[in-house]
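Asker: Sharing a structure, written as structure tokens. Questions coming.
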Amino acid sequence: MPRTHPSLHLAVALDGAGWHPAAWREPDARPGELLSAGYWADLVTEAERGLLDFVTIEDALSLQSGHPTEPDARTDQVRGRLDAVLVAARVAPLTRHIGLVPTVVVTHTEPFHLSKAVATLDFVSRGRAGVRVKVSARRDEAAHFGRRTVPRLPFDDLGTPAAQALVAELFEEAADYVEVVRRLWDSWEDDAEIRDVATGRFIDREKLHHIDFRGSRFSVKGPSITPRPPQGQPLVTALAHDTVPYRLVAGSADLGFVTPHDTAGIRGLLATIRTEQTAAGRADDTVHVFGDLLVFLDDEPGAAADRRARLDALAGAPYRTDAHVFTGTPAQLADLVQEWQRAGLTGLRLRPAALPHDLVQITRGLVPELQRRGAFRTAYEADTLRGLLGLPRPVNRYAAATPAATAAPPGPTVPEAPPAPAAV
Amino acid sequence: MSKPVKQIHLAAHFPGVNSTTVWSDPAAGSQIDFDSFVHLARTAERAGFDFLFLAEGLRLREQHGAIHDLDVVGRPDTLTVLAALAAVTDRLGLAGTINSTFNEPYEVARQFASLDHLSAGRAAWNVVTSWDEFTGENFRRGGFLAEEDRYLRARQFLAATWELFDSWRGDEIVADRRSGVFLADPDAGRFDHHVSQFDITGRFDVPRSPQGRPVIFQAGDSEEGREFAASAADAVFSRHGTLEAGRAFYADVKGRLARHGRSPDDLKILPAATFVLGDTDADAEERAHVIRRLQVSGQTAIRTLEQLWNRDLGAYDPDGPLPEIDPLVGEHTVARGRADVRMRRDPLTVARQWRELAEAKKLSIRELVIEVTGRQSFIGTPAKVAATIDSFVQSDASDGFILVPHLTPGGLDEFADTVVPLLQERGVFRTAYEGSTLRDHLGLGPAGRPRAAAGATVREAS
């Protein structure tokens, strides 16, 4: 009997008390602790206990809202959250292997600040940092910054030319943003710090580079104030639902999150992303694609569906989201995960409907089931996030441009990407 | 009746990018690796220090159009390091410098409020302004602020973040499972702030943090900076290292507080200070001399002089006399991204003073630079240093010090092991943390509702 391909990858998306708006009312929820370090440390260490590749941490530059473009006045759902990069940094010293991928809004922030923040997350986690870049078309978020206005758009109909134009503009800016961030990560060559006592020089300034980025929305001179991080390039990810965002994934990211609802959908969107990848001149680069799946998990058949119905009743409406919603047992989920993987996905990002319940079901139910099937790792095989995902440490673009420096060694603390784990 | 004995406040500055950090010492470690930050933070916490302090610089320093390569170059992101340090310390305050020119209030407020939550009440923000277009070239806005608008923006920035911090009272989250009420107030976080620099409205998304708002530090020394500190800051990071200058500054700034409806205890004055310890005072003096020579090489001396002269002085001998030519007045073209450049506003006068000093003491360029740039505040045996620090504080030259070790990351170890116990014996420094927040350590009391004074400092540009 043929073995399942072993290098399945799993991530979890952490947000508040879970993705269902009534999740905070579950008996094991900790709704009064959502802003405490201990809450996040417990979630991330649980995910690490399950040998997951990484966690993502949701964020936005506005208070949570049930409305797509505006704040609401609801008082029956979780409101208030912490900066995701700082949450990731806070848990980094408490974990050793799991990747940490905070969400960052690129529309209102500075690529210079973000570049050094994620580089620093990579330093404090010793090579486990990533970032999920997200654009914002929300008028309320723009008003929090007061620097640009966003036109009022009929967001229920993204097909209007005005909406399409805005989306295109925001994603073009996001691509510029990622380009700046990546150039800043490379703006120090790995061996720029020389500490040459004989000549009195701390750095070799020939190995620091102005990035001189000039785009239509902003320009950045560089170099970074922070040296090149352990992974060289921390993992850049984006969530995408349509052609324009797929283009960002294909052209700028190392990993994309997509929201298919069946295997035909997976094949279709993978074809689109690969086409865009070729168009962007990145046909030879590895761009991982993870499928997002919202999960209600319980051991007893039917219990998860009952729980979903109970939470929906508390929320006052059936929960709808962009991703496919799965209710069932960990074993049933293992079947779906493997089916989706066979359709071409690198792995899945699971969104637990309720925390910690559905996370624990993933780490202690789904993962052991997949391990029994020989389909998931039984130990971490690398110390860095790129290593876990089989991605090499990138050559520095500026070092590569200097003939004498093409043989520059990788950073001292990061091993080469490990071989794929052997099938059990 | 004698004055009550003041308790000393001590903090540690991480020795990273800094002309006083000695990287060539065999004991010098990385200024980037997280282990270095952990080491210094744990030493500071073991010693009972109030906080660890991080500086910031948003563009690498340049000279003659090339990146400065003689001192430590490169540092991590301030807030990210502080959040990670919150995981490996329990009580130590975590103070970061964040510039108000190239950030926006909503983002900075949520970052500091987040840090305060994640550290259970240990966050502090040192508010600084940027001064040049050189730094602005790294940001979307570019170099956009006229010099006279910088403090206006800083004041308005602080007032805006203050409004955001105060937009949650702290009792809105009830999270009652049975009734289904998570938020008691549907309007929590509402803000509306319209002044010349900021036109912002909406809802702040981080509920009130353990300290209410982070401890606010101010580091400028101008008239505007002093007034800003007196109106809005909880602590001042000053540069007045001598007893006389310290007392004058202390009296001046503390004297301004009443006008803002505040008492002298509401603001702590903490100068930066360096130290060199030895088994004997002579031994310490000798070590201090060696350290100064390591801090100021011949090349460093020439480059330091160029920062004042605004000219290429590469042809001069560092062991020879000062240049006869005068500094070039006007726009600075030689050295960029350096605090020294903006602080010396009258280069001709400073150069004349330096020439007179070199003449009087028969100093070479290098010796002169060592003389005028060094601030080794406390040199001597641990007993002498403890006594001197105590006398500075008791005579109102400061409320304590932010110590700037010259070695990363072990530069505080000896001080923690030898000087701190002597201060404890004197009864002027804590033997254990009494509170858990930085406000507790600084004796500031809980952050109340916004003071009228803070808002009152915001004036429109006319």
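Read the figures in this text as sums done on the coordinates, not as results from a lab. Everything numeric in this text was worked out from a predicted model, so none of it was measured. Neighbour counts run over all protein chains shown; Cβ positions are idealised from the backbone, glycine included.
Asker: Hey, rough spin-label estimate for residue B:281 and residue B:362, points 7 angstrom out along Cα→Cβ, what's it come to in nanometres?
Answerer: Reported label-point gap for residue B:281 and residue B:362 is 2.5 nm.
Asker: Of the options B:407, B:12, B:157, report the single residue whose Cα projects farthest towards the positive end of the charge dipole of chain B (beta-carbon charges: Lys, Arg +1; Asp, Glu -1).
Answerer: Among B:407, B:12, B:157, the one farthest towards the positive end of the dipole of chain B is B:157.
Asker: Okay, moving on. Given a Förster distance of 51 angstrom, what is the FRET efficiency for residue A:371 paired with residue B:424, based on the Cβ-Cβ distance and rounded to 0.05?
Answerer: 0.40
Asker: For the range A:142-149, in order, what is each residue's ³J(HN,Hα) by Karplus, 6.51 cos²θ - 1.76 cosθ + 1.60 with θ = phi - 60°, in whole Hz (x at glycine and Pro)?
Answerer: Working through the residues one at a time gives 4, 5, 5, 10, x, 10, 8, 10 Hz.
Asker: Now a separate question. If I model a spin label as a point 7 Å beyond the Cα along the Cα-Cβ vector, how far apart are those points for residue B:333 and residue A:196 in nm?
Answerer: Going from the residue B:333 label point to the residue A:196 one covers 2.9 nm.
Asker: So which aspartates and glutamates can residue B:362 reach, going by Cα to Cα under 13 Å and dropping same-chain residues fewer than 8 places off?
Answerer: Qualifying aspartates and glutamates at Cα under 13 Å: B:319, B:371.
Asker: Now a separate question. In percent, how large is the relative contact order of chain A, given Cα pairs closer than 8 Å and 6 or more residues apart?
Answerer: The normalised contact order for chain A reaches 22 percent.
Asker: For the protein assembly as shown, what Kirkwood radius comes out of the mean inverse Cα-Cα distance, in Å?
Answerer: Working: mean 1/r = 0.0348 Å⁻¹.
Every distinct Cα pair counted, the radius reaches 28.8 Å.
Asker: Taking K and R as +1 and D and E as -1, what net charge do the other residues with C-beta under 10 Å from the C-beta of residue B:180 add up to? Write down the numbers at each step before the final one.
Answerer: Numbers: positive: A:25, B:177, B:178; negative: A:76, B:176.
My count for the surroundings of residue B:180 gives +1.
Asker: Filter B:268/B:384; A:134/A:207; B:3/B:254; B:254/B:384 down to the pairs with a C-alpha to C-alpha distance above 20 Å, please.
Answerer: From the list (B:268/B:384; A:134/A:207; B:3/B:254; B:254/B:384), the Cα-Cα distance tops 20 Å for B:268/B:384; A:134/A:207; B:254/B:384.
Asker: Here's a follow-up. In nm, what is the difference between 0.36 nm times the number of residues separating residue B:391 and residue B:35 and their Cα-Cα distance? Spell out each step's value before the answer.
Answerer: Working: separation 356, 0.36 × 356 = 128.16 nm, distance 3.47 nm.
Taking residue B:391 through residue B:35 to full extension adds about 124.7 nm, to one decimal.
Asker: No solvent, one uniform scatterer per C-alpha: report log10 I(q)/I(0) for chain A via the Debye equation at q = 0.06, 0.07, 0.11 1/Å, two decimals.
Answerer: -0.25, -0.34, -0.85
Asker: At 4 °C and a viscosity of 1.567 mPa s, what translational diffusion coefficient does Stokes-Einstein give for chain B, taking Rh as the Kirkwood radius over Cα pairs? Give it in µm²/s as a whole number.
Answerer: D = 55 µm²/s.
Asker: Provide the descending list of Cα extents for the range B:283-373 along its principal axes, expressed in whole angstroms.
Answerer: 44, 28, 23
Asker: Could you tell me the calculated FRET efficiency between residue B:373 and residue A:378, based on Cβ-Cβ distance and R0 = 56 angstrom, to the nearest 0.05? Let's see the in-between values first.
Answerer: Working: r = 59 Å, r/R0 = 1.05.
E(calc), rounded to 0.05, equals 0.45.
Asker: Please list, in order along the range B:14-19, the HN-Hα scalar couplings obtained from phi with the Karplus expression 6.51 cos²θ - 1.76 cosθ + 1.60 (θ = phi - 60°), rounded to whole Hz, x for Gly and Pro.
Answerer: For the range B:14-19, the Karplus curve yields 5, x, x, 4, 4, 6 Hz.
Asker: Taking the simple approach of a point 7 Å from Cα along Cα-to-Cβ for both residue A:283 and residue B:325, what is their distance in nm?
Answerer: With each label placed 7 Å out from Cα toward Cβ, I get 5.9 nm.
Asker: In what order do B:300, B:78 fall by count of nearby beta-carbon atoms within 10 Å, going from fewest to most? Intermediate values should be presented prior to the final figure.
Answerer: Details: B:300 21, B:78 25.
Neighbour counts put them in this order, fewest first: B:300, B:78.
Asker: Hey, fewest Cβ within 10 Å first, where do B:200, B:325 land in order? Could you put the intermediate results ahead of the total?
Answerer: Values: B:200 22, B:325 11.
Final ranking by Cβ density, sparse to dense: B:325, B:200.
Asker: Could you give the distance between the Cα centres of the range A:205-232 and the range A:266-338, to the whole Å?
Answerer: Here the answer is 37 Å between Cα centres.
Asker: Between residue A:212 and residue A:267, what FRET efficiency follows from the Cβ-Cβ distance if R0 is 51 Å, with the result rounded to 0.05?
Answerer: Working: r = 41 Å, r/R0 = 0.81.
Between residue A:212 and residue A:267 the formula returns 0.80.
Asker: Stokes-Einstein diffusion coefficient for the range B:62-156 at 25 °C in a medium of 0.890 mPa s, Rh from the Kirkwood formula over Cα pairs: what value in µm²/s?
Answerer: Values: Rh = 15.1 Å.
The diffusion coefficient I find is 162 µm²/s.
Asker: Something else: Using amide H atoms built 1.01 Å from N in the peptide plane, name the residues 5+ places from residue B:72, or on other chains, whose amide H lies under 5 Å from its own.
Answerer: B:18
Asker: How would you rank B:426, A:342, going from fewest to most other Cβ atoms within 10 Å of each one's own Cβ? Mind showing how you got there, number by number?
Answerer: Working: B:426 15, A:342 12.
In order of increasing Cβ crowding within 10 Å: A:342, B:426.
Asker: So for chain B, averaging the separation of alpha carbon pairs under 8 Å that are six or more residues apart and normalising by length, what relative contact order in percent results?
Answerer: Values: 845 pairs, mean separation 112.5, N = 462.
With pairs under 8 Å counted, the relative contact order is 24 percent.
Asker: Using only alpha carbon pairs under 8 Å that are at least six residues apart, calculate the relative contact order of the range B:283-373 and give it in whole percent.
Answerer: Working: 90 pairs, mean separation 32.6, N = 91.
Averaging sequence separation for qualifying contacts and normalising by length gives 36 percent for the range B:283-373.
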